[in-house]
Every structure is written in C-alpha cells, then in structure tokens.
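The structure appears below as structure tokens.
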Amino acid sequence: TEMNYWPAEVGNLPECVEPLVRMVEGLSETGARVAREHYGAGGWVFHQNTDLWRVAAPMDGASWGTFTTGGAWLSTHLWEHYLFTGDREFLREYYPVMKGSAEFFLDFLIQDPKTGYLVTAPDTNFENAHNRGGGLSMGPTPSSMMVRQLFKNCIAATGILGLDADLRKRMEQAVVRLPPTKVDAKTGELEEYVDPSLKV
C-alpha cells in the first residue's frame, strides 16, 4: 500500500493521499488496542496486513506477522504530505497519529545484549530471509531505518508545532541508540541484519 502512494505527492496529486490518510487514522485506533493487548505498550502498532475493518494485529505466520513497523512506515506518508503541502493544520491534525506510533516504539524497543543498540524484537525482515532460514531476528535493518525516520519526523513536527518537549527529548535520546545503517565492504550491499552472522 505504501509503495502505491509514492507517486502521489511527487506527481502533484496530494488529494489522492486522502484515502491513505483515513486508513492510517483508522489503524491508529485499532492499533492502540493491539499495542496494549499484545505488547503492553502505549501508542499504536500495525503489522503487515489489514482490511476494511482496519485490523492491526499480527497474522499469517511468524515470518510475516512479526513485522511491527507497518505503522512507522505508514506514518511517514503523513509527514511527507506536510512537506509537500506545507499545511500546518494538516500536521497539527495528524501529528497525534505520528506521535502514537513513536510512543509505541519508545515502549517496544529493547537493548540488544550483544551490541547495546535499541532494536525491535521480535521482528522480521519480511523481504529478505537470512542464511539461517526465515527473517526473524532482532532489529532487522529495514525496521531500524523506519523507526529512525519516524522519530526524526516526529522530532521535527514537535519543533514546528511547539508541542511535547519531553517526548521530543525521549525520541532524541532513542534515535541515536538505534543501529546504524551499514554497507557490506565487499559487496557494497546494505547489511540487512544487525547480527553480522546473519547474511542474505
């Protein structure tokens, strides 16, 4: 879904984003229950699959269902819409949705005992299985990148709107503890996993 909307803003069709915005808002409501009931976390979470009723819980097995960063990815579109339109009222209206996704990750992230980084776990790299089979791991690179972008977007939004100074500080402290995005020196490819023993 997210990828289907990439051309909307750059194609000067911002009105076409409205259905996606409504969907994300709906997911933030059902996802708040999932965050609380499945993870004991605040904010809201969305996994990889939804429907007309905006289900947000994990489904379809561990290799897909443990993808926890669907809400972070979708929230990026709210920020992108603001960047393309400069519409502060839109940002003010939908910032709580972005904020809720960030609040979930502030509760959900754990410290990786091997590296000390804050990582999503359990989680999956749903596109690229590792050499041990499947994509289950702690803090796969795509998820770390999405959470980093979410935090940075929310930090910027708090500054623009003059809101949530305490939350901004928590995000600023967390974002620097996320795993860095690394490139394999031999292949030039993105390293998909924090654990160097896990290879695609």
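Taking each residue of the range 69-97 that is within 23 Å of PHE108 (Cβ to Cβ) and touching a residue at least 60 places away in the same chain (Cβ under 8 Å) and looking for partners that are open to solvent by 30 Å² or more (accessible area, probe 1.4 Å) and β-branched (Val, Ile, Thr) with beta-carbon atoms closer than 8 Å, six or more apart or interchain, yields LEU74/THR1.
All of SER75, SER28, SER63 fail the test of being under 19 Å from VAL147 (Cβ atoms) and either within 12 Å of the chain's Cα centre (by Cα) or open to solvent by 30 Å² or more (accessible area, probe 1.4 Å) (or both), apart from SER75. Can you confirm whether the range 110-128 contains a residue that is of a type outside the set (Phe, Trp, Tyr), within 13 Å of the chain's Cα centre (by Cα) and surrounded by fewer than 17 Cβ atoms within 10 Å (Cβ to Cβ)? Within the range 110-128 (the criterion being of a type outside the set (Phe, Trp, Tyr), within 13 Å of the chain's Cα centre (by Cα) and surrounded by fewer than 17 Cβ atoms within 10 Å (Cβ to Cβ)), the answer is no, since none of the residues qualifies.
Checked across the range 104-118, the condition of being without any contact (Cβ under 8 Å) to a residue 12 or more places away in the chain and assigned to a helix (DSSP H, G or I) holds for no residue. No other residue among TRP53, TRP44 is part of a loop (DSSP other than H, G, I, E, B), among the hydrophobic types (A, V, I, L, M, F, W, C), loosely packed, with under 13 Cβ neighbours inside 10 Å and touching a residue at least 12 places away in the same chain (Cβ under 8 Å) apart from TRP53.
Among the residues of the range 129-148 satisfying the criterion of being in contact with a strand residue (DSSP E or B) (Cβ under 9 Å, 6 or more places away or on another chain) and assigned to a loop (DSSP other than H, G, I, E, B), which is surrounded by the most Cβ atoms within 10 Å (Cβ to Cβ)? Step by step, filter the range 129-148, then rank; the result is PRO140.
The values are calculated or read from the model by the stated rules, or taken from the named source; none is laboratory data. Remember, predicted model here, so these are calculated numbers, not experimental data. Cβ: placed from backbone, ideal geometry, glycine included. Neighbour counts: every protein chain shown. Just so you know, the surface numbers come from the protein's heavy atoms only, side chains and all, with ligands and any DNA or RNA stripped out. Shrake-Rupley method; radii C 1.70, N 1.55, O 1.52, S 1.80 Å.
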